[in-house]
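Worksheet for the structure shown next.
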Amino acid sequence: MPAKGAPRVSNDPSDVLVVGGGVIGLSIAWRAAQQGLSVTVVDASMAGRASHAAAGMLAPITETKPTEEALLRLGLEGQRLWPDFAAELTAASGMEIGYRTQGTLAVALDNDDKADLDRLAKILAGFGIDADALTSRETRQLEPMLSPDVRSGLLVPSDHSVEPRLLTEALRVAAQRAGATIEQRELTSLAATKPSTTVLAAGCWSRALARTVGIDLDVRPVKGQVLRLHDAGGRFLTRTVRGVVNGSSIYLVPRGDGEVVLGATQEELGHDTTVTAGGVWELLRDARALLPGVTELTFVEAISGLRPMTRDNTPIIKRAAEDLIVATGHGRNGVLLAPLTAERVVAELIGVTA
Amino acid sequence: MDDPFVIAGETFGSRLIMGTGGSPSLDVLEAALIASGTELTTVAMRRLDTSTPGNVLDVLRRTGVRVLPNTAGCFTSAEAVLTAKLAREALDTNWVKLEVIADERTLLPDPIELLDAAERLVDDGFVVLPYTSDDPVLARRLEQVGCAAVMPLGSPIGSGLGIRNPHNIELIVDQAGVPVVLDAGIGTASDAALAMELGCAAVLLASAVTRAEHPARMAEAMRHAVDAGRLARLAGRIPRRFHAQASSPTQGRGDF
């Protein structure tokens, strides 16, 4: 029975309450509404929402670490859904989402970084994935603004990108057009919500919400500081460039409108979302080593987001209780895994409510 | 064999001290810590909120490993002292691995700032374990100001270049009245074994395990290497000879 005075939708068994209006929650809402489910999204627009800060790389291959084959496999599965998902969403919303298919170029700045990049290539080969190893000159032919210091590169054509802010807007429109309702309010407890099923997709805030119904979710916030720059000429970069500079990883993602996103720090500072002088400096310092011209770009924004990280870096997508499905813990891969997560959650919803 | 490792009156069964930096995930770290058998693990405090549930400190709590806060990322004595004090408040421990780095390219210790910070922290009641260059004179000065151990590098942090100046490590061990912990530069198991053969009381490492292709497997290798090196040190190696000396009797008589 619903708690007295609780926000209540109806007793229809096809009711779904999605908690979280980021790319995960909205993708689930859109796909669920398309299936004829009655969907309400509760969106608190928290400061530090990962979808608002994310660069939008769809790049599981250049992200690979030796211990993370499972995550790579999941990422590749998610990546395969993206071309159709992007096309369908653009049609359904009538909005552009900044989907770019120019690929990703991983570069090494010196011989030590090259050793790391060679190791990535070897690990990928071990997983049956080919990437094109490039010399310094070949690398700079692809991206002439790269520093002459760049030692080598690895081109991965299938690692794409999307603009998460446009994506979020398009998903809102598509979800609403499909019949979903979006409510702007903050939910502090899941105990008072009693539709037939709640989908918890509240990123790093999911842990506290799950606790209100006695469920432990091992998700923690990991802060990432990101800069948005603008390239008036639009010729600074063609494709995503990621690099290791003296051991720290950075990326620059170009958009069609001249925006260049530069990220990201990784900081275990709880729900803190401050932008720090050191974070901005480290990003610019490392970016300038790779692309000396980066300091000529217009500075637009410095922002931080909170990635919902799990202990093994893979997301939690599962039924946690009879009336609760959890979809969180996507870490660095929320945008990449949004279509796949929506597909899995909707299958779970239909399997039960059908 | 009963061969406990004692620092500042505290006894540890394992002579392998781990660091957490570079681990791809908390689960990978946890598996590696368990495989290493470590009882003491150092955590960088400068960018860690200790109150957030689910962070690296939870992993250490769960595995029963004692936390050794460190001042990684500090470039001045003042920053390091402040970081140590914040760590003491947050974690309720007066132990600190003291790091004061001179520059980001080499991550070598700044000896002047290090000695100054060590003295201030000792005076403030800390148990100070300083990460130092492999300079026997500096090691002696650190001991003189009251550090509970000295922790010379084998080679730069994260380089995996092993022990570049074994003779300096021997000199430090020879004069030290406190435990000598080889800290930084370990690349693979033989480096850790060598540190112990040279007389170090323990080895501290992170990247060699956390950045390995199979971190838990490398952690297990390090555990065995530290044990093997320690046993070899206690067993007493044979003198080096220029020419061969047959191990079986070559004359008519046995040589028992």
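The values are calculated or read from the model by the stated rules, or taken from the named source; none is laboratory data. Model, not experiment: these values are computed from the prediction. Using ideal geometry, Cβ is built from the backbone for each residue, glycine included, and neighbour counts are taken over all protein chains shown.
What is the residue count in region A:1-34 for residues that are modelled with pLDDT of 90 or more and more than 18 Å from A:Asp323 (Cβ to Cβ)?
Number satisfying all stated conditions: 10.
I'd like to check something: does region A:244-252 contain any residue that is farther than 19 Å from A:Ala106 by Cβ and not β-branched (Val, Ile, Thr)?
Keep residues of region A:244-252 that are farther than 19 Å from A:Ala106 by Cβ, which gives none.
No, region A:244-252 has no match at all.
Among the numbered conditions (1) away from chain A (no Cβ under 13 Å); (2) surrounded by fewer than 20 Cβ atoms within 10 Å (Cβ to Cβ); (3) outside any loop (DSSP other than H, G, I, E, B); (4) not charged (D, E, K, R), tell me where B:Thr93 comes up short.
Unmet for B:Thr93, out of (1) away from chain A (no Cβ under 13 Å); (2) surrounded by fewer than 20 Cβ atoms within 10 Å (Cβ to Cβ); (3) outside any loop (DSSP other than H, G, I, E, B); (4) not charged (D, E, K, R): (3).
If you check every pair at least six apart or on different chains, which have Cβ atoms under 7 Å apart with a residue in region B:201-212 that is without any contact (Cβ under 8 Å) to a residue 40 or more places away in the chain first and a residue that is of a type outside the set (S, T, N, Q) second?
Close Cβ pairs (under 7 Å, with a partner that is of a type outside the set (S, T, N, Q)) amount to B:Ala212/B:Met218.
Filtering region B:198-224 down to residues that are part of a loop (DSSP other than H, G, I, E, B) and small (Gly, Ala, Ser), which residue is nearest to B:Pro156 (Cα to Cα)? Steps first, answer last, please.
Taking region B:198-224 and keeping what is part of a loop (DSSP other than H, G, I, E, B), we get B:198-201, B:206, B:211-214.
Going one step further and asking which of them are small (Gly, Ala, Ser), we end up with B:199, B:201, B:206, B:212.
Values: B:Gly199: 20, B:Ala201: 20, B:Ala206: 12, B:Ala212: 17 Å.
Among residues in region B:198-224 that are part of a loop (DSSP other than H, G, I, E, B) and small (Gly, Ala, Ser), the one nearest to B:Pro156 (Cα to Cα) is B:Ala206.
Taking the condition of being within 14 Å of chain B (Cβ to nearest Cβ), under 21 Å from the mean Cα position of the chain (by Cα) and of a type outside the set (D, E, K, R), how many residues in region A:210-246 meet it?
Here the count works out to 7.
Residues being within 9 Å of chain A (Cβ to nearest Cβ), touching a Lys or Arg at 6+ places or on another chain (Cβ under 6 Å), not in a loop (DSSP other than H, G, I, E, B) and not charged (D, E, K, R): count how many of those fall in region B:10-57.
The total comes to 1.
Does region A:285-296 include one or more residues that are surrounded by 18 or more Cβ atoms within 10 Å (Cβ to Cβ), within 14 Å of chain B (Cβ to nearest Cβ) and touching a helix residue (DSSP H, G or I) at 6+ places or on another chain (Cβ under 6 Å)? Give the derivation first.
Going through region A:285-296, the residues surrounded by 18 or more Cβ atoms within 10 Å (Cβ to Cβ) turn out to be A:286-287, A:289-291, A:294.
Applying the additional criterion that residues be within 14 Å of chain B (Cβ to nearest Cβ) yields A:286, A:289.
Filter once more, so that each one left must be touching a helix residue (DSSP H, G or I) at 6+ places or on another chain (Cβ under 6 Å): none.
Within region A:285-296 (the criterion being surrounded by 18 or more Cβ atoms within 10 Å (Cβ to Cβ), within 14 Å of chain B (Cβ to nearest Cβ) and touching a helix residue (DSSP H, G or I) at 6+ places or on another chain (Cβ under 6 Å)), the answer is no, since none of the residues qualifies.
Considering only region A:320-330, state which residues are surrounded by fewer than 23 Cβ atoms within 10 Å (Cβ to Cβ) and either of a type in the set (D, E, K, R) or within 24 Å of A:Val226 (Cβ to Cβ) (or both).
A:Glu322, A:Asp323
Which ones in region A:61-74 are of a type outside the set (D, E, K, R) and within 14 Å of chain B (Cβ to nearest Cβ)?
Initially, region A:61-74 is screened for residues of a type outside the set (D, E, K, R), giving A:61-62, A:64, A:66-67, A:70-72, A:74.
If the condition is that a residue be of a type outside the set (D, E, K, R) and within 14 Å of chain B (Cβ to nearest Cβ), then A:Thr64, A:Pro66, A:Thr67, A:Ala70, A:Leu71, A:Leu72, A:Leu74 are the ones that fit.
From (1) assigned to a loop (DSSP other than H, G, I, E, B); (2) more than 16 Å from B:Ala32 (Cα to Cα); (3) over 13 Å from the mean Cα position of the chain (by Cα), pick out the condition that doesn't hold for B:Ser155.
B:Ser155 satisfies every listed condition except (3).
Would you confirm, using the coordinates I've provided, whether B:Lys85 is charged (D, E, K, R), touching a Pro at 6+ places or on another chain (Cβ under 9 Å), more than 13 Å from chain A (Cβ to nearest Cβ) and not in a loop (DSSP other than H, G, I, E, B)?
Values: charged (D, E, K, R): yes; touching a Pro at 6+ places or on another chain (Cβ under 9 Å): no; more than 13 Å from chain A (Cβ to nearest Cβ): yes; not in a loop (DSSP other than H, G, I, E, B): yes.
The answer is no for B:Lys85.
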